[in-house]
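Heads up: the structure comes next, in structure tokens.
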Amino acid sequence: MLREIISNEWYTILIVLNIGILAFARATFFNRFNDFLWVIGNSKYLKVYSRDQKFIDRFDGFLFLNLIISLSLFYFIWHNTFFDSIAFDLILFFKLFVGIGSLILIKVLIERLIGSLFEIDTLIDSYVFQKTNYKNYIGLILLPINILLIFAIEPSKTILYVVIALMFFINLIGFVTSFKMHQKLILNNLFYFILYLCALEIAPYIILYGLYKL
């Protein structure tokens, strides 16, 4: 028996949209999608497709769209678990969708700019490509998790902490994989890479935590 939730129709529509996006991505890029499924623990995908990376990539675009929809849906689940329940608001969802997407895209643009300024374009471009793919993988994992939390399992703080820890762990795997693949290049540019990490990987989370505590 399905669990009753607020504005169940919009959750269903957006989840079906997510499934449609992934189905279209798989049909259009069949081999690449199947390789992407094994990106965790297997560097084959990163080595093969990083050679052909483009500034605007349709396959990454489909997965990115799935990511921001999944994260926006997860926000409603998270808010309704940790705070007072709120009805699904399409305007709020659209604001989240645009906000999350804009933040990620702006961060990528700044990262590429820094790479150009420090003349470590090759390193940063490869690192951004790999990091983007691990973020997109989080979107892939979040889809079934959202379905379970909306339709089957009553969300609890413990479950959501586990989900957040899982997302953090996937990001950590991505960072370790990138470091191992470019260890020599990173060590040769260690000072600039540390500046990059402090400015764009550590500082934003400290700022978000400070805003959350206000």
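Some values worked out for this structure:
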item: Sole exception among (1) small (G, A, S); (2) more than 16 Å from F74 (Cβ to Cβ); (3) buried (at least 17 other Cβ atoms within 10 Å of the Cβ) for A87, by number; result: (3)
item: Scan of the range 95-118 for residues that are among the aromatic types (F, W, Y) and modelled with pLDDT under 90, ordered by number; result: F118
item: Count of residues meeting criterion [among the small types (G, A, S) and closer than 26 Å to N18 by Cβ] in the range 91-128; result: 3
item: Residue in the range 162-175 that is aliphatic (A, V, I, L, M), within 16 Å of Y75 (Cβ to Cβ) and without any contact (Cβ under 8 Å) to a residue 24 or more places away in the chain present; result: yes
item: Cross-chain or 6+ apart pairs with Cβ under 9 Å, the range 93-121 first and without any contact (Cβ under 8 Å) to a residue 12 or more places away in the chain and on the phi > 0 side of the Ramachandran plot, then part of a helix (DSSP H, G or I) and not hydrophobic (A, V, I, L, M, F, W, C); result: E119/Y192
item: Matching option when the condition is in a helix (DSSP H, G or I), out of contact with any strand residue (DSSP E or B) (no Cβ under 7 Å at 6 or more places or on another chain) and under 24 Å from K180 (Cα atoms), among I138, I106, I100; result: I138
item: Candidates F76, F33, F88, filtered to the one that is among the aromatic types (F, W, Y) and in a loop (DSSP other than H, G, I, E, B); result: F88
item: Number of the exception - N42 against (1) at pLDDT 90 or above; (2) surrounded by 12 or more Cβ atoms within 10 Å (Cβ to Cβ); (3) farther than 30 Å from I86 by Cα; result: (1)
item: Yes/no for A27 being modelled with pLDDT of 90 or more, in a helix (DSSP H, G or I) and surrounded by fewer than 11 Cβ atoms within 10 Å (Cβ to Cβ); result: yes
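The values are calculated or read from the model by the stated rules, or taken from the named source; none is laboratory data. Predicted model, so just to flag it, every value in this text is computed and none were measured. Here the Cβ is made from the backbone with ideal geometry for all residues, glycine too, and neighbour counts use every protein chain on show.
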